[in-house]
Amino acid sequence: MKNTKRIKKSRKMDKLALHFVPFDRFINLSGDEKTSLILKQTRDNRIIIIESYLDPKEQAVLITNVMSNIDSKYSGVEMISFTRHDFQKENDFMTRLRNILIDFFSGRKAGLTIVGPASLIKKIERDPEMIMLSMK
Amino acid sequence: MSKQGFFSRFVSLFRAFFKKKKKLALGIYGPTNAGKTTLANKISMDWTGEEVGIVSNVPHETRQIQKKENVIIKQDGKELTINLIDTPGIATKVDYEDFIKFKINKKESQQRAREATQGIIEAIKWLDNMECVLAVMDATKNPLTQVNLTILGNLEARGIPVIIVANKVDLKKANLKRIESAFPQYKVVGVSAREGKNIEGLYKTIFETVL
């Protein structure tokens with residue numbers, strides 16, 4: 001009985017689709033294109049993983065657009081966006097300087113963003129050096 | 001997140017210099033059910049004897065901006081006139097079925113969900129009108145959530161002074177140190193808005209921040 005339950009659970013997890021967006025592609029998108037991409041993927045029940053950080057204003061725009069799109073089939077998203085600095089607080093001076101220069105010349109803070117439909121993901125938390133996704 | 005440093009202090013001093021006689025727009029932001037309206041009511045009751053809004057366990061009870069204007073708060077002989085602005089809880093999702101769990105019928109739940117989404121949009125738009133913000137967090141919960149990070153990041157980007165209010169410190173599970181260590185660059189004040197615990201400490205911090 002226990003085995004059957006595990007198989008069913010694993011089959012359910014097999015259907016989980018992850019859409020990866022590399023840094024180079026993401027930074028070339030306009031603000032509207034970024035939001036549209038995230039909305040499209042999450043509306044299609046996919047988790048989108050972006051190799052970039054969404055700055056606070058982009059996060060606010062995304063939340064606003066998600067709210068405008070909520071209906072009986074789409075209840076919103078769970079998300080997390082962070083930079084490498086959020087996980088490397090104990091760096092020495094040279095490492096921090098190197099990271100600042102990389103961010104400056106690339107024009108953007110390197111990081112990661114995970115956004116998934118609220119119908120699939122119950123909660124995403126940072127605790128504080130681990131990302132935890134609680135699935136529904 | 002970078003430190004709330006020179007730029008924020010400069011903006012705050014600039015505002016204080018030119019807008020000394022003006023009423024301060026004090027916003028209350030946070031995720032749902034953090035106790036924003038309880039805190040707004042406590043502040044308003046202390047100085048005007050009137051409440052701002054209805055408090056409930058049902059998420060998104062506050063679905064519109066609620067204001068209490070001309071609230072005069074006093075501390076050590078100083079006075080500050082504020083427009084207290086209680087905002088709907090920020091969230092990244094709103095599911096009408098969450099309201100049904102509170103025995104609200106389907107039609108009303110769907111209506112509440114629609115109003116809640118509009119409330120969140122309105123709360124985000126109002127960020128630009130704020131001159132100081134109390135970012136309310138539930139001290140019994142993990143503070144490193146995207147909603148908290150988005151609120152703090154947006155306030156920092158706009159140069160708006162912010163005080164983190166760690167609410168519900170009267171509860172056994174409350175962990176003030178967890179919030180302090182998650183956001184070492186901010187002023188954190190532990191309070192219980194419901195019990196009135198350390199509200200005086202919050203008033204003191206507001207004065208220190210804006211004057």
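Nothing in this text is a laboratory measurement; each read-out follows from the coordinates by a stated rule. Everything numeric in this text was worked out from a predicted model, so none of it was measured. Heads up, the Cβs are rebuilt from the backbone with ideal geometry, glycines too, and the neighbour counts pull from every protein chain shown.
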Self-check item: Residue among B:L24, B:T150, B:L127 farthest towards the positive dipole end of chain B, charges placed on Cβ
Solution: B:T150
Quiz item: Using only Cα atoms, what Kirkwood radius does segment A:11-134 have, in angstroms?
Solution: 15.5 Å
Quiz item: Going by how many other beta carbons lie within 10 Å of each one, how would you line up B:H60, A:H85, fewest first?
Solution: A:H85, B:H60
Exercise. At 10 °C and 1.306 mPa s, grab the translational diffusion coefficient of segment B:57-211 from Stokes-Einstein with a Kirkwood Rh over Cα pairs, rounded to a whole number in µm² per second.
Key: 94 µm²/s
Self-check item: Fewest-first ranking of A:V21, B:V52, using other Cβ atoms within 10 Å as the exposure measure
Solution: A:V21, B:V52
Practice problem: Putting +1 on Lys and Arg Cβ atoms and -1 on Asp and Glu Cβ atoms, find which of A:P56, B:G201, A:L133 reaches farthest to the positive end of the dipole of the protein assembly as shown. | Solution: A:L133
Self-check item: Inter-chain shielding of A:81-87 (mean C-beta neighbours from other protein chains, 10 Å cut-off)
Solution: 2
Quiz item: Considering only DSSP states other than H, G, I, E and B, which GluC sites (Glu not before Pro) in segment B:163-211 qualify as loop sites with at most 11 other Cβ atoms within 10 Å?
Solution: none
Self-check item: Neighbourhood net charge (11 Å Cβ-Cβ; Lys/Arg +1, Asp/Glu -1) for B:N167
Solution: +3
Quiz prompt | For chain B, calculated [θ]222 nm from helices alone, where every DSSP H run of n ≥ 4 adds -39500 (n - 2.57) | solution = -12000 deg cm²/dmol
Quiz item: Using the per-residue mean of other Cβ atoms lying within 10 Å as a proxy for protection, in what order, highest first, do the peptides B:43-49, A:113-119 fall?
Solution: A:113-119, B:43-49
Exercise. At a temperature of 4 °C and a viscosity of 1.567 mPa s, determine how fast segment B:39-95 diffuses translationally according to Stokes-Einstein, using the Kirkwood radius over alpha-carbon pairs as Rh; express D in µm²/s, rounded to the nearest whole number.
Key: 102 µm²/s
Quiz item: What is the packing order of peptides B:73-79, A:77-83, taking the mean over residues of other C-beta atoms within 10 Å and listing the highest first?
Solution: A:77-83, B:73-79
Self-check item: Residue-wise HN-Hα coupling along segment B:130-144, computed from phi with Karplus coefficients 6.51, -1.76, 1.60 (Hz; x: Gly, Pro)
Solution: 8, 10, 7, 10, 9, 8, 8, 10, 7, 5, 8, 10, 4, x, 7
Self-check item: Neighbouring partner chain Cβ atoms per residue of A:59-66, average, 10 Å criterion
Solution: 6
Quiz item: What are the ³J(HN,Hα) values, in whole Hz, obtained from phi via the Karplus relation 6.51 cos²θ - 1.76 cosθ + 1.60 with θ = phi - 60°, for each residue of segment B:98-109 in sequence order, with x given for Gly and Pro?
Solution: 5, 7, 4, 4, 9, 6, 9, 5, 4, 4, 5, 4
Quiz item: Of the cross-linked pairs A:K15/A:K123; B:K103/B:K125; A:K136/B:K125; A:K15/B:K107; A:K57/B:K68, which ones have a Cα-Cα span greater than 21 Å in the structure shown?
Solution: B:K103/B:K125; A:K136/B:K125; A:K15/B:K107; A:K57/B:K68
Quiz item: Which whole number gives the average, over all residues in B:144-152, of C-beta atoms from other chains lying within 10 Å of the residue C-beta?
Solution: 6
Quiz item: Three principal axis extents, largest first, for the C-alpha atoms of the protein assembly as shown, in Å?
Solution: 68, 58, 38
Quiz item: For segment B:114-193, what is the convex hull (Cα atoms) projected area averaged across all directions, in square nanometres?
Solution: 5.7 nm²
Self-check item: Values of log10 I(q)/I(0), in the order q = 0.18, 0.30, 0.31 Å⁻¹, for segment B:112-158 under a Debye, Cα-only, solvent-free model
Solution: -0.67, -1.13, -1.14
Practice problem: Place a +1 charge on the Cβ of each Lys and Arg in the protein assembly as shown and a -1 charge on the Cβ of each Asp and Glu, then give the dipole magnitude about the Cα centre in debye, rounded to the nearest 20. | Solution: 960 debye
Quiz item: What is the Cα centroid distance between segment A:19-49 and segment B:121-136, reported in whole angstrom?
Solution: 27 Å
Quiz item: Ordered by residue, what ³J(HN,Hα) values in Hz, to whole numbers, does segment B:92-97 give under the Karplus form 6.51 cos²θ - 1.76 cosθ + 1.60, where θ = phi - 60° and Gly and Pro are x?
Solution: 9, 8, 9, 10, 4, 5
